[in-house]
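What follows is a single structure, written as C-alpha cells, with notes after it.
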Amino acid sequence: MSENIEIPIREKNIVLIGFMGVGKTTIGKLVAQKLYRDFIDVDEEIEKIYKIPITQIFKELGEKEFRKFEKEFIVNTCSQTKLKVISLGGGAFLHEEVRNVCLSRCIVIYLDLSWESWKERLPLIIDSRPVLQNKTLEEIEEIFFKRREAYALHNSKICTNDLPPETVADSIVESIKMAWDLYQPHRE
Ligand SMILES: Nc1ncnc2c1ncn2[C@@H]1O[C@H](COP(=O)(O)OP(=O)(O)O)[C@@H](O)[C@H]1O
Ligand SMILES: O=C(O)C1=C[C@@H](OP(=O)(O)O)[C@@H](O)[C@H](O)C1
Ligand SMILES: [Mg+2]
C-alpha cells in the first residue's frame with residue numbers, strides 16, 4: 001500500500017482507466033489540452049522506451065515482461081509527478097500496486113462503455129491489442145465483464161455510449177472542475 005500523501009486536489013494527476021478501446025488515449029489527449037497539462041499515454045511511453053510496438057513487445061518478450069514494466073512505470077510516474085493527465089492501458093488497473101498508487105495520489109476517472117457499444121469498436125482495435133487476438137467473442141466478453149471488478153475502484157465514472165470524444169472530454173473537465181471547487185475553493 002502506498003502512503004496517502006496529501007496532494008492538493010488541483011495538482012493531482014488525472015488518470016483515465018477502462019477497458020481497451022473505450023477511448024482512454026484519444027480522450028486523455030483532449031482532457032490534457034483542455035486543462036493545459038502534459039499528457040502521458042503509458043503504452044506510448046513503453047513503446048518509446050522499448051522502441052517497438054506493444055504487439056511486438058508481447059511477441060518478443062512476453063506478456064509477463066510487459067506487465068512488470070507497465071506496473072513499475074506507472075508506480076514511478078504516479079509517485080514522482082503531479083499536474084499530468086495519464087491514460088493507462090486497460091490491463092494496468094489489475095495490478096494492486098497500480099490501483100493503490102493511482103487512488104492515493106491521483107484523480108481516477110473510469111471510462112465505461114456498454115458491451116453492445118464496445119463490440120462496434122472491435123474492428124478498430126483488434127490488430128493492435130494482443131490480448132484480444134485468437135479469442136472468441138464470448139471469451140472477450142468474459143474478460144470485459146471480469147475487468148469491471150477492478151475498474152469499480154475509481155473516483156468518477158463517465159459513460160461514453162454514443163458520445164464523441166470531445167463531449168466525453170468536456171464532461172470529464174466539468175466533473176474535475178467541480179471537484180476542485182468543492183474541495184479546494186479559490187480564496188479571494
Ligand atoms: N468516444 C468515441 N467514439 C467513437 N470512437 C472512439 C471514441 N473514443 C475512441 N474512439 C476510437 O476507438 C479506438 C480506440 O480508441 P483509444 O483512444 O485508442 O482507446 P483506448 O486507449 O481506451 O484503448 C480509436 O480508433 C478511436 O478513434
Ligand atoms: O487491456 C489490456 O490488457 C491492454 C490494453 C492496451 O491498452 P489500451 O487499453 O489503451 O488499449 C495495451 O496496454 C495492451 O495491449 C494490453
Ligand atoms: Mg490506449
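The values are calculated or read from the model by the stated rules, or taken from the named source; none is laboratory data. The structure displayed is predicted, hence computed values, not measured ones. With ideal geometry, Cβ positions are generated from the backbone for all residues, glycine too; neighbour counts draw on all protein chains shown.
Just wondering, is there one or more residues in the stretch 119-136 that are at pLDDT 95 or above, within 14 Å of ligand 3 (Cβ to nearest atom), among the β-branched types (Val, Ile, Thr) and touching a strand residue (DSSP E or B) at 6+ places or on another chain (Cβ under 7 Å)? Looking through the stretch 119-136, none of the residues is at pLDDT 95 or above, within 14 Å of ligand 3 (Cβ to nearest atom), among the β-branched types (Val, Ile, Thr) and touching a strand residue (DSSP E or B) at 6+ places or on another chain (Cβ under 7 Å).
Let's see how each residue does on (1) among the aliphatic types (A, V, I, L, M); (2) farther than 20 Å from Phe39 by Cβ:
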{"residue": "Ser79", "(1), (2)": "no, no"}
{"residue": "Val85", "(1), (2)": "yes, no"}
{"residue": "Leu111", "(1), (2)": "yes, no"}
{"residue": "Ile126", "(1), (2)": "yes, yes"}
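Picking from residues in the stretch 22-35 that are in a loop (DSSP other than H, G, I, E, B) and closer than 19 Å to Leu153 by Cα, the one that is nearest to ligand 2 (Cβ to nearest atom) is Val22.
I'd like to check something: does the stretch 84-96 contain any residue that is away from ligand 3 (no atom under 16 Å from the Cβ) and touching a residue at least 12 places away in the same chain (Cβ under 8 Å)?
Yes, that holds for at least one residue.
Picking from residues in the stretch 32-55 that are surrounded by 14 or more Cβ atoms within 10 Å (Cβ to Cβ) and of a type in the set (Phe, Trp, Tyr), the one that is nearest to Cys78 (Cα to Cα) is Phe39.
Does Leu61 fit the bill of being at pLDDT 95 or above and within 30 Å of Asp181 (Cβ to Cβ)? No: the conditions fail for Leu61. Checking Ile140, Ile126, Ile158 one by one, the residue that is touching a Leu at 6+ places or on another chain (Cβ under 7 Å) and within 22 Å of His95 (Cβ to Cβ) is Ile140 and no other. Residues that are crowded, with 22+ Cβ neighbours inside 10 Å and over 12 Å from the mean Cα position of the chain (by Cα) within the stretch 13-31 comprise just one, Val31. Considering only the stretch 87-97, I want to know if a residue exists there that is in contact with a Leu (Cβ under 8 Å, 6 or more places away or on another chain) and over 17 Å from Asp43 (Cα atoms). Checking the stretch 87-97: not a single residue is in contact with a Leu (Cβ under 8 Å, 6 or more places away or on another chain) and over 17 Å from Asp43 (Cα atoms).
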